[in-house]
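The values are calculated or read from the model by the stated rules, or taken from the named source; none is laboratory data. Note that the structure is a prediction, hence the values are computed from the model and not measured. With ideal geometry, Cβ positions are generated from the backbone for all residues, glycine too; neighbour counts draw on all protein chains shown.
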């Protein structure tokens, strides 16, 4: 089965056009007031205007173009191979059917409960909160007990959400941010547990949206994407963002409604030299009003950026970027088989010797 | 009163005691001590020993009697009755509990509740300075459990005998500083965190508090006897905390001690002053290019050997090597010394039951059973790590080997102290990954290892398992999930306890295709260890060479491990798991490090057949690659392995390079030779290496290196006009390396 499910991930990755590490530096505009800048950014998301969200100055745009050309997407063979693969698959005639089949294979029948349990486990790592949804079905992730051999890898919701959280954590703000995210995850868990994520109609709508989002990028390979001027990529990404919202909408998440409900206020400054500004974003999601504090810092160019400099992810050994987490979580089946004791491993066929990556620029990188 | 002994003897005779049924006649062998063991049933622990005996009139006047207890391995503690035994009938009684004043002989280590709990033998003994063969009648010899009387002061829990480092609270950054205390009361098992824990809370000059666990410590002297290594304890058993500061400044220190069922006792300790320059010599995964290791920010590419245990029976059987005499730490240190002299900077060492393991069934020499850690083994590991550090070698420390919990593959389960068959709580070895008792035991061991060794810069990393896929946990998909959860939990606990943040790994047998991606992808698995065996049944790539296997281990587009962006380290290779011909092994040994280097491995592959290397002095390959890589740095986001084409095409040559902007390290290998065949000599100018067809112009510096000697054989500068860059290859046989760099 082709891993076309990663198409959905490609939409997220490609639409934002972010090289590795850039996610923590989303520009929030150049207003003197960070809250106003954040509000403007939310509005830009609301109207699908990534150009306002992602760039501020020509110099920064140029830097982004270079970063894209030289960044992880361009040089990480694993990532680029996988993303190329899904670009090809997204362009195939049966892409929608493949995507739906892959989704069914990677999300167990108890998928809603699994996701809910993962959200709760992430929110309350020391033990499930009272009243939290029950964990997944028999055997948990990986299928029923005794299922031999490799199969499609279940989505690792916990890793995905955990790594996503690390993209926001800021030094000195961790307690408030974790509490806010816990509330969000609890609300999401309560909401998702009643959702039929295998509903055929939803799956069809979501698949179409995901494939359309990839198509909006108008690239055949990741290398093509990395060679695009950032301005072009952002324009196309804005179109893809519409499709991503449609994807979320297929499962009942109205992204625009959440954005419409958002308001931003200045938060207390964090100690530092100079003091670090904070903003508090209030929004309604999953039927609950949330308040998420974020640290922001102003660049030399006068734009505000999210600041995610908490040492906690590093202390916990979380080194994955969001992009890596997405791809790892949805990668090929694990190389684990029924070899058993003494089997000596070798549960995959002898690998064909592969030449190293093709010459990137005809100079072997020298 | 001179006639009293005679009267007593007479009375005894009259009463018939001297010939009572069941009486034992013991012939003195003084001046040598006469030992009378108690042969009845006794479960060990604290006891009262009673005896009735009749001393004849001809017994030496200085005849004395005492009682002893000893552990299974001969550690001996005794107490003597005051005065001499006069002729006549005696009833004697000895209390042999943890609070009694027993002394060790002939060694001089302390009697304690911990020692008492290990006692397995008891009896009485007679002594006299006079030569005598007098027969003494023992009419009864009995033991009974010692009544459980709380020791005086037991309600007051405290730490006594505080000792700081070498007596001061000052130490240089990078040097070990110790705190020693004696808990009062001393727990029966100081290794069991349920009974007692000690931790130092150390707050550095940056205000960050670290919690450093303490551990039980018995000072030992290791003596290399030539045919074995003796470990002799001395001094009392105590608790110790080890700390190695990295930043100079003033550190606030307090001790937290917790006894079972009691409150935590906090004891202030004088502040520690750390002098000197900032220091950090721990090996870690490089944060900027996590495919490699770094030490203090500098690139580090480990080069070494799998010195897993003192000797290797499989090597003897398959390669004809001699079994190294089991001088334990002394033998390992000697091997490390030769490895370091040969250019090695890393070695893998196993905490196996037959090597340096700390926990195994109590009736095996040197061990004390489940959740009691062998102090003599621990002292040996101390010695090995100290020696390794002095030699510039870091140790990939294997916490557990697969046989320990495998019922079928190299099984040692029958002797595992956790096995129900040996008195443990676990019936099925697969449950060692999930049973609460087993997990508690692993946590205790983890805590001990970290407390005792984590500060040591010779620790390269904690390798949780060797060949995890050969354990009983590798059974089905559900067991797979259990094993994944186990790794996730274990890694988290190692990270939480280890204030020095040594990287953590696990290891799969076979080759890279055996690796479990669910575990390999865990954030807690900082680097990945694999085998690179080939040629055996079901082995990798029928007919493929080791170079291709090493390259595929990371770069195979389907199964290669480069996708995880973690250091990949081959910790076993060398033909198949059953060895190979001497010719093939020599070729693989000479070329493996080079192939791994240009493929992007995190370090040089570690050959399994260490006795084959050691007994023939085959250390030159380490020296060669060490010379070549000195001063090099493979890191860089864009750095990657490239295929180097030859003109004209040379099908039997394997040529790859590790390429960064402006610097390339390359390697050409005669694959026929590496596969065990004859090497061909290539003439100078017979071929060219195509670096690229669109190489930017500029001045370049080219070096050709002899891959056998690790010596520079040719060096020149040249001006490249731009476009195709093809290097004319000098003559060589077997293999050749090069460095190409743009002039600054």
On the given criteria, is residue B:336 away from every other protein chain (no Cβ under 14 Å), outside any helix (DSSP H, G or I), crowded, with 24+ Cβ neighbours inside 10 Å and in contact with a strand residue (DSSP E or B) (Cβ under 9 Å, 6 or more places away or on another chain)? no
Among the residues of the range B:403-438, how many are more than 16 Å from residue B:357 (Cβ to Cβ) and surrounded by fewer than 18 Cβ atoms within 10 Å (Cβ to Cβ)? 12
Output the residues belonging to the range B:72-109 that are in contact with a helix residue (DSSP H, G or I) (Cβ under 9 Å, 6 or more places away or on another chain) and not in a loop (DSSP other than H, G, I, E, B). B:77, B:88, B:89, B:90, B:96, B:104, B:109
Any residue in the range B:443-456 that is out of contact with any helix residue (DSSP H, G or I) (no Cβ under 6 Å at 6 or more places or on another chain), touching a residue at least 60 places away in the same chain (Cβ under 8 Å) and over 30 Å from residue B:286 (Cβ atoms)? yes
In the list A:201, A:158, which residue meets the criterion of being assigned to a helix (DSSP H, G or I), modelled with pLDDT of 50 or more and away from every other protein chain (no Cβ under 13 Å)? A:201
From the residues in the range B:672-684 that are closer than 11 Å to residue B:731 by Cα and either within 47 Å of the chain's Cα centre (by Cα) or at pLDDT below 95 (or both), which one is farthest from the other protein chains (Cβ to nearest Cβ)? B:681
Restricting the search to the range B:399-429, which residues are out of contact with any helix residue (DSSP H, G or I) (no Cβ under 8 Å at 6 or more places or on another chain) and closer than 17 Å to residue B:441 by Cα? B:400, B:401, B:417, B:420, B:423, B:424, B:428
Sort out for me the strands (runs of 3 or more DSSP E) sitting completely within the range B:564-671 that have 3 or more residues that are within 14 Å of chain A (Cβ to nearest Cβ) and touching a strand residue (DSSP E or B) at 6+ places or on another chain (Cβ under 9 Å). B:568-573, B:640-643, B:653-660, B:663-670
All but one of (1) part of a helix (DSSP H, G or I); (2) under 16 Å from residue B:212 (Cβ atoms) hold for residue B:455, so report the exception by its number. (1)
Where residues in the range B:685-697 are loosely packed, with under 15 Cβ neighbours inside 10 Å and not in a loop (DSSP other than H, G, I, E, B), which of them is farthest from the other protein chains (Cβ to nearest Cβ)? B:693
Would you confirm whether or not the range A:241-262 contains a residue that is closer than 30 Å to residue B:208 by Cα, at pLDDT 80 or above and crowded, with 18+ Cβ neighbours inside 10 Å? no
Might you let me know whether the range B:506-524 holds any residue that is within 30 Å of residue B:178 (Cβ to Cβ) and free of Cβ contacts under 8 Å to residues at least 40 places away in the same chain? yes
Entirely in the range A:1-102, the helices (runs of 4 or more DSSP H) that have 2 or more residues that are at pLDDT 70 or above and either out of contact with any strand residue (DSSP E or B) (no Cβ under 6 Å at 6 or more places or on another chain) or within 26 Å of residue A:250 (Cβ to Cβ) (or both): A:34-46, A:50-54, A:58-70, A:77-90
Confirm whether residue B:499 is part of a loop (DSSP other than H, G, I, E, B), within 24 Å of the chain's Cα centre (by Cα), more than 10 Å from every other protein chain (Cβ to nearest Cβ) and farther than 27 Å from residue B:344 by Cα. yes
Selection from the range B:344-356 of residues that are closer than 19 Å to residue B:305 by Cα, touching a strand residue (DSSP E or B) at 6+ places or on another chain (Cβ under 9 Å) and assigned to a loop (DSSP other than H, G, I, E, B): B:344, B:345, B:351, B:352, B:355, B:356
State all residues of the range B:253-292 that are within 14 Å of chain A (Cβ to nearest Cβ) and closer than 18 Å to residue B:457 by Cα; if no residue qualifies, say none. B:284, B:285, B:286, B:292
Select the strands (runs of 3 or more DSSP E) contained entirely in the range B:164-283, then report the ones holding at least 1 residues which are farther than 30 Å from residue B:369 by Cβ. B:170-172, B:176-184, B:196-203, B:209-213, B:238-244, B:249-259, B:264-275
Residue B:344 under 25 Å from residue B:572 (Cβ atoms), without any contact (Cβ under 8 Å) to a residue 24 or more places away in the chain and touching a helix residue (DSSP H, G or I) at 6+ places or on another chain (Cβ under 9 Å): no
Subset tally (residues that are more than 8 Å from chain A (Cβ to nearest Cβ) and in a helix (DSSP H, G or I)) for the range B:464-491: 11
Tell me, yes or no, whether the range B:469-482 has at least one residue that is touching a strand residue (DSSP E or B) at 6+ places or on another chain (Cβ under 7 Å) and at pLDDT 95 or above. no
Tell me, please, whether a residue that is in a loop (DSSP other than H, G, I, E, B), modelled with pLDDT under 95 and more than 8 Å from every other protein chain (Cβ to nearest Cβ) can be found in the range B:511-533. yes
